[in-house]
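The values are calculated or read from the model by the stated rules, or taken from the named source; none is laboratory data. Since we're looking at a predicted model, the values are computed, not measured. Note: ideal-geometry Cβ built from the backbone for every residue, glycine included; neighbour counts use all protein chains shown. The accessibility values were calculated without ligands, DNA or RNA, using every heavy atom of the protein model including side chains. Shrake-Rupley method; radii C 1.70, N 1.55, O 1.52, S 1.80 Å.
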Amino acid sequence: MRKSLRWLVSLSVLIGTVGSTGVATAADTETGATAVADSQSTDIKDRILAIPGMSLIEEKPYAGYRYFVLEYVQPIDHHRPWAGTFKQRLSLLHKDTSRPTVFRTSGYGLSTTPSRTEPTRIIDGNQVSMEYRFFTPSRPQPADWSKLDIWQAASDQHRIYAALKRIYGQKWLSTGASKGGMTATYYERFYPRDMDGVVAYVAPNDVVNNEDSAYDRFFETVGTEDCRDRLNAMQREALVRREPLEKKYQAWAESEGATFNTVGSLDKAYEAVVLDFVWGFWQYYGQDVCDQIPDAKTASDDTVYETIDAYSGWSAYTDQGLEYYTPYYYQAATELGSPTIKQPHLKGLSRYGYQPASSFVPREIPMKFKPQAMRDVDDWVRKNANRMLFVYGGNDPWGSEQFRLGKGARDSYVYVAPGANHGANVAGLVEAERENATARILAWAGVPAPAVQAAQPLARFDARLDSAVDEDATREHGLRP
């Protein structure tokens, strides 16, 4: 009886109800429904804040939009919604309730600078952006890391969608790039009735964690042979000169107060950064800047050190550089998987090889890998994908293991932008694929047929909104999607 009473009281705090799936959904209590109904004719901010559990952090002006940074009360455990809550940040780029809405997540933290994803521009709609659970400040206290998994995060999105759908009643699309594209896919797998379409950019699909030969084949053929040789030589030289360059690294770490407790030693961090060099080059740059890589044979120690820093980032595997990314590495070590590549040109020089994701998580956090998680998602996509678009970059290492469609897929597509890196998008596709992808996004959003047939974005390009960089992308490099 006491447990039942606690459950009811907690639900009133959560302002959610438990559906048939056991997931806390948006409030449908008499009070909550009345609050939303009574606010239909009021200012959009008032309507949003009438949602039980929603609060305002700040509003920022932007021409043509209203931009809100918000907090929403979420269950720590959607299986047990009475067992505690936390506040999750989200943002809302409001255009008009008569327009469709894009639900976007990076899979990391939340940038509070107004920005617009490519699908949002294409459909000229509203955009909701969610901070992934356990990225600060959206982290339960105390942090029970076992509650960080892809189903719990998808359930966060489901509750936000259900709460806002009362106001934004038109079609909804989900999107994200890299880990955000993975997140959009997992959301679709667990809540396939929520969204009217999915646009997932450069989303890795590591179905079998210990089988990574696709990455080795990628690095054997990407770009020109001359470019590959130039990059490999620079990477090898950084290990040949390990002793003098580690002294420079040590001096830098001392000057910055950087420590290496999580990874274990400066030597391990040094090698991890060097081993990321070639990957980082193709992920963030490409063939067109290969001639800017110095000749390793004639380069000074300073030049080798600075070149590795420019494409990998010496701060990436310090405790300070890893702290922000702990939720990602935890997920990579428990569900998502992480790549391992052989790099035969480093034979005899590499002491540790590609270190597993668990090496970058503080030791006090327990971890156990669940191989069935990615196999389940992959199988579901192959058999059930409906109105899903996957976009990859032809020169992006993360695209070596892609989502693929099976006979059960409907109105779904996998496209590769030639020569593109980890920033691949619809605009970079070949003409026929670009037009079809644009038309499908418009159609999924419920845009009238003439605009769909034109297959052009409905909103003009805005350099401030459409070129904004995600908060997580502005941080140190490192091997992460």
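Consider Pro294 carefully, then state whether it is farther than 29 Å from Leu148 by Cα, open to solvent by 10 Å² or more (accessible area, probe 1.4 Å), outside any helix (DSSP H, G or I) and not polar (S, T, N, Q).
On the way: farther than 29 Å from Leu148 by Cα: yes; open to solvent by 10 Å² or more (accessible area, probe 1.4 Å): yes; outside any helix (DSSP H, G or I): yes; not polar (S, T, N, Q): yes.
It is true that Pro294 is farther than 29 Å from Leu148 by Cα, open to solvent by 10 Å² or more (accessible area, probe 1.4 Å), outside any helix (DSSP H, G or I) and not polar (S, T, N, Q).
Please determine whether any residue of the range 343-354 is aliphatic (A, V, I, L, M) and within 24 Å of Asn261 (Cβ to Cβ).
Narrowing the range 343-354 to residues aliphatic (A, V, I, L, M): 346, 349.
Still in the running and within 24 Å of Asn261 (Cβ to Cβ): none.
No, the range 343-354 contains no residue that is aliphatic (A, V, I, L, M) and within 24 Å of Asn261 (Cβ to Cβ).
Determine whether the range 245-254 contains at least one residue that is over 30 Å from Ile365 (Cα atoms), open to solvent by 40 Å² or more (accessible area, probe 1.4 Å) and in contact (Cβ under 8 Å) with a residue 12 or more places away in the chain.
So far as the range 245-254 goes, yes, one or more of its residues are over 30 Å from Ile365 (Cα atoms), open to solvent by 40 Å² or more (accessible area, probe 1.4 Å) and in contact (Cβ under 8 Å) with a residue 12 or more places away in the chain.
Kindly indicate the residue of the range 353-379 that is farther than 28 Å from Leu275 by Cβ and over 20 Å from the mean Cα position of the chain (by Cα) and also most open to solvent (accessible area, probe 1.4 Å) among those meeting that condition.
Gln372
I'm told Asp376 meets every condition in (1) within 18 Å of Ala153 (Cβ to Cβ); (2) at pLDDT below 95 except one. Can you identify the failing condition by its number?
Among (1) within 18 Å of Ala153 (Cβ to Cβ); (2) at pLDDT below 95, the lone unmet condition for Asp376 is (2).
Residues in the range 392-410: is at least one assigned to a helix (DSSP H, G or I), out of contact with any helix residue (DSSP H, G or I) (no Cβ under 7 Å at 6 or more places or on another chain), farther than 18 Å from Tyr191 by Cα and open to solvent by 60 Å² or more (accessible area, probe 1.4 Å)?
No, the range 392-410 contains no residue that is assigned to a helix (DSSP H, G or I), out of contact with any helix residue (DSSP H, G or I) (no Cβ under 7 Å at 6 or more places or on another chain), farther than 18 Å from Tyr191 by Cα and open to solvent by 60 Å² or more (accessible area, probe 1.4 Å).
Being among the charged types (D, E, K, R) and without any contact (Cβ under 8 Å) to a residue 60 or more places away in the chain is the filter here, so list the residues in the range 307-357 that pass it. Full working, then the answer.
Let us first name the residues in the range 307-357 that are among the charged types (D, E, K, R), namely 309, 319, 323, 335, 342, 347, 351.
Answer for the range 307-357, where residues must be among the charged types (D, E, K, R) and without any contact (Cβ under 8 Å) to a residue 60 or more places away in the chain: Asp309, Glu323, Lys347.
For the range 381-438, give me each residue that is within 17 Å of the chain's Cα centre (by Cα), among the polar types (S, T, N, Q) and within 25 Å of Ala449 (Cβ to Cβ).
Asn425
Does Arg382 meet the test of being surrounded by fewer than 20 Cβ atoms within 10 Å (Cβ to Cβ), assigned to a helix (DSSP H, G or I) and not small (Gly, Ala, Ser)? Outline the logic, then answer.
Details: surrounded by fewer than 20 Cβ atoms within 10 Å (Cβ to Cβ): yes; assigned to a helix (DSSP H, G or I): yes; not small (Gly, Ala, Ser): yes.
When the stated conditions are applied, Arg382 passes them.
Please indicate, with yes or no, whether at least one residue in the range 62-73 is free of Cβ contacts under 8 Å to residues at least 12 places away in the same chain, surrounded by fewer than 17 Cβ atoms within 10 Å (Cβ to Cβ) and among the hydrophobic types (A, V, I, L, M, F, W, C).
First, pick out the residues of the range 62-73 that are free of Cβ contacts under 8 Å to residues at least 12 places away in the same chain: 63.
If we keep only those that are surrounded by fewer than 17 Cβ atoms within 10 Å (Cβ to Cβ) too, we end up with 63.
This time we only want the ones that are among the hydrophobic types (A, V, I, L, M, F, W, C), so: 63.
Yes, some residue in the range 62-73 is free of Cβ contacts under 8 Å to residues at least 12 places away in the same chain, surrounded by fewer than 17 Cβ atoms within 10 Å (Cβ to Cβ) and among the hydrophobic types (A, V, I, L, M, F, W, C).
Answer yes if at least one residue in the range 438-459 is open to solvent by less than 60 Å² (accessible area, probe 1.4 Å), assigned to a helix (DSSP H, G or I), touching a Lys or Arg at 6+ places or on another chain (Cβ under 6 Å) and modelled with pLDDT of 95 or more, and no otherwise.
So far as the range 438-459 goes, yes, one or more of its residues are open to solvent by less than 60 Å² (accessible area, probe 1.4 Å), assigned to a helix (DSSP H, G or I), touching a Lys or Arg at 6+ places or on another chain (Cβ under 6 Å) and modelled with pLDDT of 95 or more.
Given the condition over 25 Å from the mean Cα position of the chain (by Cα), open to solvent by 60 Å² or more (accessible area, probe 1.4 Å) and either modelled with pLDDT under 95 or of a type outside the set (Gly, Ala, Ser) (or both), answer yes or no: does some residue in the range 50-60 qualify?
The answer is no, given that none of the residues of the range 50-60 is over 25 Å from the mean Cα position of the chain (by Cα), open to solvent by 60 Å² or more (accessible area, probe 1.4 Å) and either modelled with pLDDT under 95 or of a type outside the set (Gly, Ala, Ser) (or both).
Suppose we filter Asp149, Asp194, Asp206, Asp156 for residues that are among the acidic types (Asp, Glu) and open to solvent by 20 Å² or more (accessible area, probe 1.4 Å); which single one remains? Before you say what the answer is, go through the steps one by one.
Numbers: Asp194 fails: open to solvent by 20 Å² or more (accessible area, probe 1.4 Å); Asp206 fails: open to solvent by 20 Å² or more (accessible area, probe 1.4 Å); Asp156 fails: open to solvent by 20 Å² or more (accessible area, probe 1.4 Å).
On inspection, the qualifying residue turns out to be Asp149.
Mind listing whichever residues of the range 90-129 are closer than 21 Å to Ala163 by Cβ, within 15 Å of the chain's Cα centre (by Cα) and open to solvent by 10 Å² or more (accessible area, probe 1.4 Å)?
Passing the criteria: Arg104, Thr117.
Among the residues of the range 211-231, count how many are in contact (Cβ under 8 Å) with a residue 12 or more places away in the chain, closer than 22 Å to Pro356 by Cα, open to solvent by less than 60 Å² (accessible area, probe 1.4 Å) and in a helix (DSSP H, G or I).
Residues in the range 211-231 being in contact (Cβ under 8 Å) with a residue 12 or more places away in the chain, closer than 22 Å to Pro356 by Cα, open to solvent by less than 60 Å² (accessible area, probe 1.4 Å) and in a helix (DSSP H, G or I): 5 in total.
Any idea which residue in the range 300-321 is nearest to the chain's Cα centre (by Cα), counting only those that are open to solvent by 40 Å² or more (accessible area, probe 1.4 Å) and of a type outside the set (Gly, Ala, Ser)? Step through it out loud before you land on a result.
Within the range 300-321, the subset open to solvent by 40 Å² or more (accessible area, probe 1.4 Å) is 300-303, 306, 309-310, 320.
From what is left, the residues that are of a type outside the set (Gly, Ala, Ser) are 301-303, 306, 309, 320.
Details: Asp301: 36, Asp302: 34, Thr303: 33, Glu306: 28, Asp309: 24, Gln320: 21 Å.
Ranking the qualifying residues of the range 300-321, first place goes to Gln320.
So Ala424 passes all but one of these: (1) open to solvent by less than 30 Å² (accessible area, probe 1.4 Å); (2) closer than 16 Å to Leu173 by Cβ; (3) among the aliphatic types (A, V, I, L, M). Which condition number does it fail?
With respect to (1) open to solvent by less than 30 Å² (accessible area, probe 1.4 Å); (2) closer than 16 Å to Leu173 by Cβ; (3) among the aliphatic types (A, V, I, L, M), Ala424 is out only on (2).
Based on what the data block shows, is Glu71 acidic (Asp, Glu) and more than 20 Å from the chain's Cα centre (by Cα)?
When the stated conditions are applied, Glu71 does not pass them.
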